[in-house]
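Worksheet: one structure, shown below.
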Amino acid sequence: MRITIPKVDPFLLWLVGCVVAASVLPARGAVLTAFDTAADAAIVLLFFLHGAKLSREAVLAGIGHWRLHLMALAFTYILFPALGLAAAALTGRVIDPSLAVGLLFLALLPSTVQSSIAFTAMAGGNVAAAVCSASLSNLLGIVLTPLLVAVFIHSGGNAGMDEWASVQKIGTQLLLPFLAGHLLRPLIGSWIDGHKKLLQPVDRSSVLLVVYSAFSAAVVNGVWQRVGPFDLGVLLLASAVMLAIVIAVNGVAARAAGLKREDAIVLLFCGSKKSLVSGVPMAGALFAPAQVGMVILPLMIFHQLQLFVCAWLAGRWRRELDAAAVADSVPLPPQDEAAMLARAGEIDLPVPEECRPGVQANLALLTQHARIALGEGGA
């Protein structure tokens, strides 16, 4: 069986580059203030474009799968937070508390949009339902994530900033631009849809700006004196365990609910992923500047891990789908004497009675080899 090794997302290299740049040459004073202002402006533009890109037609096309969407939301906003609470409680005893808070924070985030849809399409899933589910998760996340952060993080004495300031920042930087973009979609939607590749760098540049400014503040406050290889190993292990549990429970839930293959794929990709593009701006709005770098570090690790795992799963399911399509298109030899004689009659080939047992034995052998070649096993 061919094993496909997922490629490293080039965006991860840019993220690492920003962290290295901030570690070697952190912005300070007025320069840091300028970067913060630029990052805030980029975030406003980012969520404006997210709102403008949200197609009501695509949402309506997939909204009928309400049971599927409820299951995906349950994974995103119930199972994940429960796992995040457990991970934060366990890891908080051995690593910096801010990193443990970061593990919990990533568990409270909405699902991804672009990669969830892309992986669903690659694996042969229900793309319309994926668009609806991922978009709904992100739309609700603008409200639910801050509420969950207030309940599970800030209420526990870990608040990095004033609660009212957080609400104002979420409203002005995320919610209002998103709503404005969506309301203006009838006017600018066709232009947005026609220039997606041109606008894609806005997503990533916004995240990179926030990451650089956040890590600059973190470096000034001694982040690398507080975080070492052991801490990073614990974060990677905790992320892997959370992701493995979600994927395992996802498979059980899909079978128990009797979901079709294409809907089960949507549930997996929309219910097991967390959005870096939404998470980094939200962290900037919900935590103090000196704390943001530590909080988003677990999210950056989880982001790449989920991409590796989901890319492997999508590739595997695509190969299974292609193999099934080939199997359906290739007729197998006749399986019994009646079918053999019927086929022989179609091509005007006489089969003497004394030769029939040998012909049948050869056809059975050919069938076995054909099934092995099609990946169906030797039976």
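Computed from the coordinates by the stated procedures, all read-outs in this text should not be read as laboratory data. All values reported here derive from a predicted model rather than from experimental measurement. For neighbour counting, all protein chains shown are included, and Cβ atoms are generated from backbone atoms with ideal geometry for every residue, glycine included.
A few comments on the model shown:
- With the convex hull drawn over the C-alpha atoms of the range 180-283, the volume per residue is 165 Å³.
- Peptide packing for 174-180, 133-139 was compared via the average number of neighbouring C-beta atoms within 10 Å per residue; ordered from the highest value, the list is 133-139, 174-180.
- When you count the other C-beta atoms within 10 angstrom of each residue and take the mean per peptide, 273-284, 255-266 line up highest first as 273-284, 255-266.
- Long-range HN-HN contacts of residue 124 with modeled amide H, under 5 Å: none
- Karplus-derived 3J(HN,Hα), 6.51/-1.76/1.60, for each residue of the range 214-219, Hz, glycine and proline x: 5, 6, 4, 5, 5, 5
- Net length gained if the chain between residue 37 and residue 256 were fully extended (0.36 nm per residue, minus Cα distance): 73.9 nm
- Given in Å, the Rg to one decimal and the Dmax to the nearest whole number for the Cα atoms of the range 10-327 are 19.2, 65.
- Of the residues 295, 253, 191, the one whose Cα sits farthest toward the positive end of the charge dipole of the range 186-312, with +1 on the Cβ of Lys and Arg and -1 on the Cβ of Asp and Glu, is 253.
- Annotation: amide H-H contacts under 5 Å for residue 288 (H modelled 1.01 Å from N, sequence separation of 5 or more, or interchain): 160, 161.
- When peptides 116-122, 145-151 are ranked by their average number of other Cβ atoms within 10 Å per residue, the highest-first order is 116-122, 145-151.
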